[in-house]
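The values are calculated or read from the model by the stated rules, or taken from the named source; none is laboratory data. Bear in mind that the values here come from a model prediction, so they are computed numbers and not experimental data. Because the Cβ atoms are built from the backbone with ideal geometry, glycine has one as well, and the counts that use them run over all protein chains shown.
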Amino acid sequence: MSKAPHTWKFFRAGGVDQVVLATAADLENLHTLDQKLWVALACPTVGLEFDARTLALLDTDGDGRIRPPEILGAIAWTRDVLRDLGELFNPSDDLPLASIDTKTGTGKDVLAGAKLILKNLGKGDAAAISLADVSDTEKIFVATKLNGDGIVPADSADDEDTGKVIADMIATMGSVPDRSGKPGIDQARADAFFEQARLHADWLDAGRGTPTPRAFGDATAAAVAALDAVRAKVNDYFARCRLAAFDGRAVAALNAAEPDLVALGPQMLTTLADDVAKLPLARVEAGRPLPLGDGVNPAWSARIAAFAQTTVATVFGGPRTSLTEGDWTALVGKLAAYEAWLVAKPATEIAKLGDERVTALARGDAKARVDALIARDAALATESNQIGAVEKLIRFRRNLLALLKNFVNFAEFYGKQGAIFQAGTLYVDARSCELCLPVDDAGRHALLASLSQACLAYCDCVRRKDKEKRSIVAAVTGGDTDNLMVGRNGVFYDRKGDDWDATITKFVDNPISVRQAFWTPYKRFIRLVEAQLAKRAKTADDESAKKLEAAAIEAPAAGDKKPDEKPKEAAEAPAAAAAPEKGIDIGTVAAIGVAVGGIGAFLSGILATFFGLGMWMPLGFGALLLAISGPSMLIAWLKLRQRNIGPLLDANGWAVNAQAFINVPFGGALTGVAKLPEGASRSLIDPFAQKKRPWRFYVFLLLVAALGLAWLLGKLDGYMPDKFKASTILHRTPTTAAAPVPAAPAPGAK
């Protein structure tokens, strides 16, 4: 019978159905869950508040991103090593050895590695292994000679001679660190070392062969060295002599020229002067032998003397005072075999150890002993390599479930437990913003993050102590935005508790709540009025300043005139000075009156309509407020319904698979607004508060305003004389009555 499918449970958060991960069966069957139901499909390995080493172990392809196959692979590997996958629900730095499943090959290898670590640390009887035990590889192997890495330090040898060979290798070929951190050598360096030793030893043997290149025994080397010191100069001398024999006219040119000798006159000469050394070795003549004593260029005399004593005397069996070209050719020929042998010397680093030591290394059993030691070390690789697997198991047991709750679902985020993408808390403008994410480039991040419909504050953070810098973006989900602006300062606390100076550098304004949107039109209107008043006041102030400046300039000029001197303008236009001031235009007064009357009539109409509602007056007042604030509240409501964290994370390299919404209640939980602690008391007496008028005065003003409004609406007409009634004053219509016609006298009347 086929196995029944796993029954999943889901919880609702952020408007998304998210899978519950509560049992080992949930984890074991995660590979059967449709990935369309995963909240995320990828996340970066950097910029997260999560163990970096665990992320590196999960990132098997090393591309810097974690994806579902790597998550599922980690769960499958952990299931093969642990007896019960439910161990992940009890995260700890300590792993009991009994938790490792020895029924699988992987489990056996991991257990062997754990026991080896504990043994090397002197804890062979321990029942559990901790993360601290496996974190320092050098500490694990510092007391062991062989550790399975195929690298052997000098002190890992069983005998002193083998240790000395390894030390010679390190001195000539360099070293590589082994797991304990000590310098050692591997098989590749050992092979290269002994190959150089063999080449050098073979070359030495060739120098001792038959026929031997050492034609004059031990004196051959010194003879060749002295020859090499003068070879080029002697060849030059005999070449000049051959050219002189070819054409006698060349003798003068081949010897030192007179201008060269004249130039040497004023100089401070020594026998080693460069200008002297450039002159011919001796006086050039056709067929002339090379003198080995007198007549030699002073700059070369010492080297020629050494050549005569060491080389010439050795080759020809005694001293000579000169050397013909034929003798020179014969001498070079007798030493040619040794010189050829020297040229054939292999270029090796091992030669610095000396011929005797190199020969002993090449012809002895040193290579066999070193190779055997390296092989013994490499044989422990299976156990030693499990050290990494032990660390992997401990870290997965401690951290894997936390990653799943930030990847497969967002349980830690919606559970207010601190998601791995939350960098810390920003305190600014009497509030704390907990939804803070790291940012590399605020401009590029905002292009996508603005689609989250959240109010965002991008901040540059600096730690003054060590000058370290970082950037974050904080989602403001509580309070209002009246005092949030670029340049506002705050303090950011990271997840480690370190504090940073934070400055807002970019602000993306979006609604925070419908309540805030209700007051937005009124605040906007007040700001507009304040701006207009400030503008008009500024204009009036500028005009006043100009008039004062003009008066200040004219006053000294008028004071400089003589008492009997009249101003030029007065002399030229006396009539204008005596002209009467122009009065207020009657048309202007009429226009102002019409305007005031129109405004009054408009306000009266509104008030009459409003008060005419009677008992429906509160409803009318609400309708008025709704007409003003309704559009702003509707826009805010629509945006708040769309507010989600997906674009924020996508801008950081995540691949969020669902619209994880941040509704108003949850947003309020993410941003704390300042309030007095529970049980606190406060004094309402403020010594610097603005002085207020007595409340009785305000009651009186309110009563007067109410009576005036009632009179304006005609509510008091029944209690007032006709001439003071509102209907008489405000609605009087002029009429012209005709004079009464007297009645005709009756007949007979007088």
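Report whether or not PHE421 is of a type in the set (Phe, Trp, Tyr), surrounded by fewer than 23 Cβ atoms within 10 Å (Cβ to Cβ) and within 21 Å of PRO44 (Cα to Cα).
On the way: of a type in the set (Phe, Trp, Tyr): yes; surrounded by fewer than 23 Cβ atoms within 10 Å (Cβ to Cβ): no; within 21 Å of PRO44 (Cα to Cα): yes.
For PHE421, the condition - of a type in the set (Phe, Trp, Tyr), surrounded by fewer than 23 Cβ atoms within 10 Å (Cβ to Cβ) and within 21 Å of PRO44 (Cα to Cα) - is not met.
Just to verify a result, which residue in the stretch 409-428, among those that are in contact (Cβ under 8 Å) with a residue 40 or more places away in the chain and assigned to a helix (DSSP H, G or I), is nearest to GLU87 (Cα to Cα)?
Out of the qualifying residues, it is ALA411.
Restricting to the stretch 435-452, name every residue that is outside any helix (DSSP H, G or I) and surrounded by fewer than 19 Cβ atoms within 10 Å (Cβ to Cβ). Spell out the reasoning first.
Residues of the stretch 435-452 that are outside any helix (DSSP H, G or I), as a first pass: 435-441.
Answer for the stretch 435-452, where residues must be outside any helix (DSSP H, G or I) and surrounded by fewer than 19 Cβ atoms within 10 Å (Cβ to Cβ): ASP440, ASP441.
Against the condition within 28 Å of LEU401 (Cα to Cα) and either of a type outside the set (Ser, Thr, Tyr) or within 15 Å of the chain's Cα centre (by Cα) (or both), how does ALA430 come out, does it pass?
The answer is no for ALA430.
Looking only at residues that are surrounded by fewer than 19 Cβ atoms within 10 Å (Cβ to Cβ) and closer than 17 Å to ALA446 by Cα in the stretch 474-493, which one is nearest to the chain's Cα centre (by Cα)?
Ranking the qualifying residues of the stretch 474-493, first place goes to VAL486.
If I go through the stretch 641-684 residue by residue, how many of them are touching a strand residue (DSSP E or B) at 6+ places or on another chain (Cβ under 9 Å), assigned to a helix (DSSP H, G or I) and of a type outside the set (S, T, N, Q)? Give the steps one after another, and end with the answer.
Kept after step one, since they are touching a strand residue (DSSP E or B) at 6+ places or on another chain (Cβ under 9 Å), are these residues of the stretch 641-684: 641-662, 666-667, 670-674.
From what is left, the residues that are assigned to a helix (DSSP H, G or I) are 641-642, 646-650, 666-667, 670.
Now drop any that are not of a type outside the set (S, T, N, Q), which leaves 641, 646-650, 666-667, 670.
Adding up the residues that qualify gives 9.
I'm trying to understand the selection: among the residues of the stretch 160-180, which are modelled with pLDDT of 90 or more and part of a loop (DSSP other than H, G, I, E, B)?
Listed by number, the residues that qualify are GLY174, SER175.
Given the structure, is ALA13 surrounded by 13 or more Cβ atoms within 10 Å (Cβ to Cβ) and either in contact (Cβ under 8 Å) with a residue 12 or more places away in the chain or not polar (S, T, N, Q) (or both)? Let's see the steps before the verdict.
Working: surrounded by 13 or more Cβ atoms within 10 Å (Cβ to Cβ): yes; either in contact (Cβ under 8 Å) with a residue 12 or more places away in the chain or not polar (S, T, N, Q) (or both): yes.
Spelling it out, ALA13 is indeed surrounded by 13 or more Cβ atoms within 10 Å (Cβ to Cβ) and either in contact (Cβ under 8 Å) with a residue 12 or more places away in the chain or not polar (S, T, N, Q) (or both).
Kindly check whether there is at least one residue in the stretch 78-86 that is within 21 Å of PHE661 (Cα to Cα) and more than 29 Å from the chain's Cα centre (by Cα). Even if it seems obvious, please write down each step before you answer.
So the first thing to find is which residues in the stretch 78-86 are within 21 Å of PHE661 (Cα to Cα), and the list is none.
Checked against the condition, which is being within 21 Å of PHE661 (Cα to Cα) and more than 29 Å from the chain's Cα centre (by Cα), the stretch 78-86 yields no hits at all.
If you go through the stretch 122-159, how many residues are closer than 23 Å to ARG398 by Cβ and modelled with pLDDT of 85 or more?
Here the count works out to 10.
Hey, which of the helices (runs of 4 or more DSSP H) in the stretch 181-283, taking only ones fully inside, have at least 3 residues that are under 30 Å from ARG376 (Cα atoms) and of a type outside the set (Ser, Thr, Tyr)? Explain how you work it out, then say what you get.
Working: elements: 187-207, 219-246, 251-254, 258-264, 274-277.
Ranges flagged: 187-207.
Output the residues belonging to the stretch 339-362 that are assigned to a loop (DSSP other than H, G, I, E, B) and charged (D, E, K, R). Spell out the reasoning first.
Of all residues in the stretch 339-362, those assigned to a loop (DSSP other than H, G, I, E, B) come to 344-349, 354.
Within the stretch 339-362, LYS345, GLU349 meet the criteria.
Filter the stretch 363-408 down to the residues that are surrounded by fewer than 22 Cβ atoms within 10 Å (Cβ to Cβ), part of a helix (DSSP H, G or I) and among the small types (Gly, Ala, Ser) and list them by number.
Residues satisfying the conditions are ALA368, ALA372, ALA375, ALA378, ALA381, GLY388, ALA389, ALA402.
Can you list the helices (runs of 4 or more DSSP H) found entirely within the stretch 100-158 that contain at least 2 residues being outside the structural domain of ARG179 (by TED's automatic domain parsing) and basic (Lys, Arg)? Spell out the reasoning first.
Numbers: elements: 105-120, 131-135, 137-141.
It comes to 105-120.
For the stretch 343-368, how many residues are touching a residue at least 60 places away in the same chain (Cβ under 8 Å) and over 51 Å from the mean Cα position of the chain (by Cα)?
Initial filter on the stretch 343-368 (touching a residue at least 60 places away in the same chain (Cβ under 8 Å)): 344-346, 348-353, 355, 357-359, 361-363, 366-367.
The next check asks that each one be over 51 Å from the mean Cα position of the chain (by Cα); those that pass are 344-346, 355, 357-359, 361-363, 366.
Residues that pass the stated criteria total 11.
Considering only residues of the stretch 298-328 that are assigned to a loop (DSSP other than H, G, I, E, B) and free of Cβ contacts under 8 Å to residues at least 24 places away in the same chain, which is nearest to ALA239 (Cα to Cα)? Spell out the reasoning first.
Just the residues of the stretch 298-328 that are assigned to a loop (DSSP other than H, G, I, E, B), to begin with: 317-321, 324.
Now restrict to residues that are free of Cβ contacts under 8 Å to residues at least 24 places away in the same chain: 317-319.
On the way: GLY317: 26, GLY318: 26, PRO319: 24 Å.
Ranking the candidates gives PRO319 first.
Can you give me the number of residues within the stretch 27-55 that are assigned to a loop (DSSP other than H, G, I, E, B), touching a helix residue (DSSP H, G or I) at 6+ places or on another chain (Cβ under 9 Å) and not aliphatic (A, V, I, L, M)?
Of the residues in the stretch 27-55, 4 are assigned to a loop (DSSP other than H, G, I, E, B), touching a helix residue (DSSP H, G or I) at 6+ places or on another chain (Cβ under 9 Å) and not aliphatic (A, V, I, L, M).
Looking at (1) in a helix (DSSP H, G or I); (2) hydrophobic (A, V, I, L, M, F, W, C); (3) closer than 30 Å to ILE472 by Cα, can you tell me which one ALA705 breaks?
Exception for ALA705: condition (3).
Identify the single condition in (1) within 48 Å of the chain's Cα centre (by Cα); (2) modelled with pLDDT of 90 or more; (3) not small (Gly, Ala, Ser) that TYR237 does not satisfy, given that it satisfies every other one.
(1)
Checking the structure you have, find out if any residue of the stretch 177-197 is out of contact with any helix residue (DSSP H, G or I) (no Cβ under 7 Å at 6 or more places or on another chain) and aromatic (Phe, Trp, Tyr).
no
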